[in-house]
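K.L.:
Here it is, the structure in full.
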Amino acid sequence: MLFRSKTRLALEICKEAPWADFVVYVQQARESNLLSLLAQAASEKGVRCVVVADDTPTELLKPLRDALEPSEGRIRLITLGSSHSPDPRRIKGVELPPLSAHCIQELVGCWSPAMPAELVQMAVNLAAGNPRLARLAADALTQNPALRSEEHTSELQSPCNLVCRLLLEKK
């Protein structure tokens, strides 16, 4: 079975597990009160669950691990993000390679079926194997016809330029 993202892989693993009914998904670990939630849950003796925390920044990894200490293994945490483990001995890391250009092309095609092939290819190139970046590029190219012009095409050849452009347009 082929998984299109780290999030999907983690949730599919949880879906098939005997503890599937006890899985909590947190979409933005950085923007949630996950640390206080885990500390509270760890202090409650009857709580057993698995928390899948997406978009977890490096600076939260150790505090999250420390918050779980009192749970004595009753609460498990799966963090997803692009940061490396600050303590590989205690916080195991699993790196997933970037998706192939073909997989990214399929994703963009599903999200934007009417998108012309040259724009799909532009989104694929910008994404460099990252599905979130592919989504950002596909959405930008679909929603903003000005980004498709020759004038802007060279500007958008790097993810950095695309993100800067989209941020400027939101102002």
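K.L.:
For the stretch 76-90, in order, what is each residue's ³J(HN,Hα) by Karplus, 6.51 cos²θ - 1.76 cosθ + 1.60 with θ = phi - 60°, in whole Hz (x at glycine and Pro)?
P.N.:
10, 10, 10, 9, 10, x, 9, 8, 8, 5, x, 9, x, 5, 10
K.L.:
Under 1.5 on a/c is rounded, so check that first for the stretch 18-67, then, if it is not, pick prolate when a/b is larger than b/c and oblate when it is not; a ≥ b ≥ c are the square roots of the alpha carbon gyration tensor eigenvalues.
P.N.:
Oblate is the answer for the stretch 18-67, as a/c is 1.5 or above yet b/c matches or exceeds a/b.
K.L.:
Please label the shape of the stretch 1-144 as rounded, prolate or oblate, based on the square roots a ≥ b ≥ c of the eigenvalues of the alpha-carbon gyration tensor (a/c under 1.5 means rounded; beyond that, a/b larger than b/c means prolate, else oblate). Walk me through the numbers before you get to the answer.
P.N.:
Details: a/c = 2.50, a/b = 2.25, b/c = 1.11.
Prolate is the answer for the stretch 1-144, as a/c is 1.5 or above and a/b outweighs b/c.
K.L.:
Can you run phi through the Karplus equation (6.51, -1.76, 1.60; θ = phi - 60°) for the stretch 48-60 and list ³J(HN,Hα) in whole Hz, with x for Gly and Pro?
P.N.:
9, 6, 10, 10, 9, 10, 8, 6, 8, x, 3, 5, 8
K.L.:
What are the ³J(HN,Hα) couplings of the stretch 121-128, residue after residue, when phi is run through the Karplus curve with 6.51, -1.76, 1.60 and θ = phi - 60°? Round to Hz, x for glycine and proline.
P.N.:
Computed from phi, the couplings for the stretch 121-128 are 5, 4, 5, 4, 5, 5, 5, 6 Hz.
K.L.:
Under a point spin-label approximation (7 Å from Cα along Cα-to-Cβ), what is the N125-I91 distance to one decimal in nm?
P.N.:
Placing both labels 7 Å beyond Cα along the Cβ direction yields 3.7 nm.
K.L.:
So if I place +1 on the C-beta of Lys and Arg and -1 on the C-beta of Asp and Glu, and nothing else carries charge, what would the dipole magnitude of the stretch 51-147 be about its Cα centre? I want it in debye, nearest 20.
P.N.:
So the magnitude is around 280 debye.
K.L.:
Quickly work out the N33-to-E12 label distance, labels modelled 7 Å from Cα along the C-beta direction, and quote it in nm with one decimal.
P.N.:
In this crude label model, E12 to N33 measures out at 3.5 nm.
K.L.:
Would you grab the residues whose amide H sits under 5 Å from the one on V26? Only those 5+ places off in sequence or on another chain, please, with H modelled 1.01 Å from N.
P.N.:
Residues meeting the criterion, in which the H sits 1.01 Å from N, are V52, A53, D54.
K.L.:
Moving to a separate point now. Could you state how much accessible area K62 has, in square angstrom rounded to the nearest 10, with a 1.4 Å probe and all protein chains kept in place?
P.N.:
Accessible surface of K62 is approximately 90 Å².
K.L.:
Order D139, D66, most accessible first, counting only protein heavy atoms with a 1.4 angstrom probe.
P.N.:
D66, D139
K.L.:
Please state, as a whole number in µm²/s, the translational diffusion coefficient that the Stokes-Einstein equation yields for the stretch 52-94 at 4 °C and 1.567 mPa s, with Rh defined as the Kirkwood radius across alpha carbon pairs.
P.N.:
Working: Rh = 10.7 Å.
The Stokes-Einstein estimate is 121 µm²/s.
K.L.:
Starting from the amide H of R76, placed 1.01 Å from N in the peptide plane, find each other amide H under 5 Å away whose residue is 5 or more places distant or on another chain.
P.N.:
Here C49, V50, V51 satisfy the definition.
The values are calculated or read from the model by the stated rules, or taken from the named source; none is laboratory data. A quick note: this is a predicted structure, and the numbers were derived from the prediction, not measured. Ideal geometry is used to build each Cβ from the backbone, glycine not excepted, and the neighbour counts take in all protein chains shown. We work out accessible area using only protein heavy atoms, side chains counted, and drop any ligands, DNA or RNA first. Shrake-Rupley method; radii C 1.70, N 1.55, O 1.52, S 1.80 Å.
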